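The values are calculated or read from the model by the stated rules, or taken from the named source; none is laboratory data. Not measured: the values here are computed from a predicted model. Cβ coordinates were reconstructed from backbone atoms using ideal geometry, including for glycine residues, and neighbour counts include every protein chain displayed.
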Amino acid sequence: MTPSAARSMLPALSPDEQRHSEAVAALIRTELATSGGWLSFERFMELALYAPGLGYYSAGSRKLGSGGDFVTAPEVSELFGRCLAGQCAEVLRATGGEILELGAGTGSLAAALLQALDDEGVLPERYAILEVSGDLAARQRACLGALPPHLRERIVWLERLPTTPLRGVILANEVADALPVRRFRVRGGAVSELGVALAPGGTLEDAERPPDADLAQACAAMLGAPPRSLPDGYTSEVSLRLAPWIASLGGCLDRGLVLLIDYGLPRAHYYHAQRAAGTLRCHFRQRAHDDPFVNLGVQDITAWVDFTRIAEAASLAGLDVSGFATQAAFLLALGLERLVAAAPDDASRARFAGEARRLVMPEEMGEAFKVMALTRGCNTPLTGFTLQDLRRSL
Ligand SMILES: C[S@@+](CC[C@H](N)C(=O)[O-])C[C@H]1O[C@@H](n2cnc3c(N)ncnc32)[C@H](O)[C@@H]1O
């Protein structure tokens, strides 16, 4: 779909959304003016998603859930958190300590996890949440405030990663895909960087220029130099923020598990010649499209995750890649079907069955979403990875 076709299919903005979007556009135009008329896509995405008070995640739009722009697995079903609880319980039994959740969305995953861990008698000493969105942190407080006091009192919100390395589990569901990415295009056998500039009418448009040293080096390492077997015009993205992020998580784990869940691929599939338009997607009111320059500050912008990049960064950070599987294989190994069958009555069993299908069917979330386990000093068998081992694909 061309960007203009995508634009014409999107619902119209409300007057408030229109005003908000214009304020974000003005901010980006100001930064363009002071940056020589060109911004990297990474900087553009950072402003559109995280500019204080204006970015999509910083400001107040509804974002997650059926009334928002997109639905994540914890919003689909509490079964997701209950399966994850089985995996966390195994590790917490061995390490003790805490859970740290990054980017906790509405708080649904934390609520389901804490209740299931309570049922299993393996509560973490504390449940810490690191959330960059003030708006979502407020929603998390409201959601988790409804938990019983003995669960509620374990929850703390952090401003930054802990400085004392922790024992236990670090969790991030759909956080890596929200890290700003650089974009590139293959042009005449070389890589150019795809950034953002002003079009003559004052709107934003793609603008190419030679890559800086960091991007050139990353592309050469991933694709070869010159890039091998990729057609002219091939466009994709790379997250240069992923490796520092993994290093920072590695730095705050003493013993235990980092569990990352996101839509993504091993590198060979990610940068396949047939994926010639890349993986960048925008989400607005349950519609996915590929025009990042509309609905500024009121739509999500994401890119799929290169899990090979995570594995490389993990090994540099002294973490072991202890599991890699599709979300379907992971949840089924952790007893998803058993949980559906154990529903207390027919109505909830039917509801659970429908939710479980969304979580595991290949055309829904089952195959595109992958789960990666990074561990340190923790030899506990990880049940979530007993049905499938995709590590050789990395
Ligand atoms: C797509 S939402 C996923 C929310 C939630 N995990 C879920 O599955 O429903 C991305 C979340 O990551 C948060 N986020 C983005 N960058 C982050 C970072 N560097 N550290 C922690 N949270 C981050 C966002 O504010 C948001 O809560």
### Query
Name the pairs whose Cβ atoms lie under 9 Å apart, with the first residue in the range 346-359 and among the acidic types (Asp, Glu), the second outside any helix (DSSP H, G or I), and 6 or more positions between them or separate chains?
Glu355/Ser77
### Residues (over 13 Å from the mean Cα position of the chain (by Cα) and of a type outside the set (A, V, I, L, M, F, W, C)) located in the range 252-269
Asp254, Arg255, Gly256, Pro266, Arg267, His269
### Message
Of everything in the range 345-359, what is assigned to a helix (DSSP H, G or I) and not small (Gly, Ala, Ser)? Give them in sequence order.
### Response
Asp346, Arg349, Arg351, Phe352, Glu355, Arg357, Arg358, Leu359
### Message
Of everything in the range 216-226, what is in a loop (DSSP other than H, G, I, E, B) and either in contact with a helix residue (DSSP H, G or I) (Cβ under 8 Å, 6 or more places away or on another chain) or more than 9 Å from Val191 (Cα to Cα) (or both)? Give them in sequence order.
### Response
Gly224, Ala225
### Query
Which one is farthest from Glu174 (Cα to Cα), of the residues in the range 368-382 that are under 23 Å from the mean Cα position of the chain (by Cα) and not in a strand (DSSP E or B)?
Leu382
### Message
If a residue counts only when it is away from the ligand (no atom under 14 Å from the Cβ), which strands (runs of 3 or more DSSP E) contained entirely in the range 265-304 have at least 1 such residues?
### Response
287-289
#### Entry: The one condition in (1) modelled with pLDDT of 85 or more; (2) aromatic (Phe, Trp, Tyr); (3) touching a strand residue (DSSP E or B) at 6+ places or on another chain (Cβ under 7 Å); (4) buried (at least 20 other Cβ atoms within 10 Å of the Cβ) that Phe80 fails to fulfil
(3)
### Task
Name every residue in the range 295-322 that is surrounded by fewer than 23 Cβ atoms within 10 Å (Cβ to Cβ), over 18 Å from Pro180 (Cα atoms), in contact with a Leu (Cβ under 7 Å, 6 or more places away or on another chain) and small (Gly, Ala, Ser), in order of residue number.
Ala311, Ser322
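Being in a loop (DSSP other than H, G, I, E, B) and farther than 30 Å from Val371 by Cβ is the filter here, so list the residues in the range 174-215 that pass it. I'd like the intermediate steps shown before the answer.
Initial filter on the range 174-215 (in a loop (DSSP other than H, G, I, E, B)): 174-175, 179-181, 188-189, 199-203, 210-212.
Selection gives Gly188, Gly189, Ala199, Pro200, Gly201, Gly202, Thr203, Pro210, Pro211, Asp212.
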### Message
Suppose the filter is under 24 Å from the mean Cα position of the chain (by Cα) and part of a strand (DSSP E or B); does Leu249 pass it?
### Response
no
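Taking Ala325, is it buried (at least 23 other Cβ atoms within 10 Å of the Cβ), of a type outside the set (Ser, Thr, Tyr) and out of contact with any His (no Cβ under 8 Å at 6 or more places or on another chain)? First the steps, then the outcome.
Details: buried (at least 23 other Cβ atoms within 10 Å of the Cβ): yes; of a type outside the set (Ser, Thr, Tyr): yes; out of contact with any His (no Cβ under 8 Å at 6 or more places or on another chain): yes.
Judged against the criteria, Ala325 is a match.
Residues are listed down the side, and each one gets a yes or a no for (1) assigned to a loop (DSSP other than H, G, I, E, B); (2) in contact (Cβ under 8 Å) with a residue 60 or more places away in the chain; (3) within 16 Å of the ligand (Cβ to nearest atom):
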site: Leu27; (1), (2), (3): no, no, no
site: Leu54; (1), (2), (3): yes, yes, yes
site: Ala59; (1), (2), (3): yes, yes, yes
site: Ile99; (1), (2), (3): no, yes, yes
### Task
Take the residues in the range 65-84 that are of a type in the set (A, V, I, L, M), within 12 Å of the ligand (Cβ to nearest atom) and part of a helix (DSSP H, G or I), then tell me which one is farthest from Gly297 (Cα to Cα).
Leu84
### Task
Provide a single number: the residues in the range 128-179 that are buried (at least 18 other Cβ atoms within 10 Å of the Cβ), away from the ligand (no atom under 11 Å from the Cβ) and of a type in the set (S, T, N, Q).
0
### For Ala94: the one exception among (1) more than 22 Å from Leu336 (Cα to Cα); (2) within 16 Å of the ligand (Cβ to nearest atom)
(2)
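Could you list, in sequence order, all residues of the range 196-206 that are surrounded by fewer than 22 Cβ atoms within 10 Å (Cβ to Cβ) and touching a residue at least 40 places away in the same chain (Cβ under 8 Å)?
Here is the first cut: in the range 196-206, the residues surrounded by fewer than 22 Cβ atoms within 10 Å (Cβ to Cβ) are 197-206.
Ala197, Leu198, Gly202, Thr203, Leu204, Glu205, listed by residue number.
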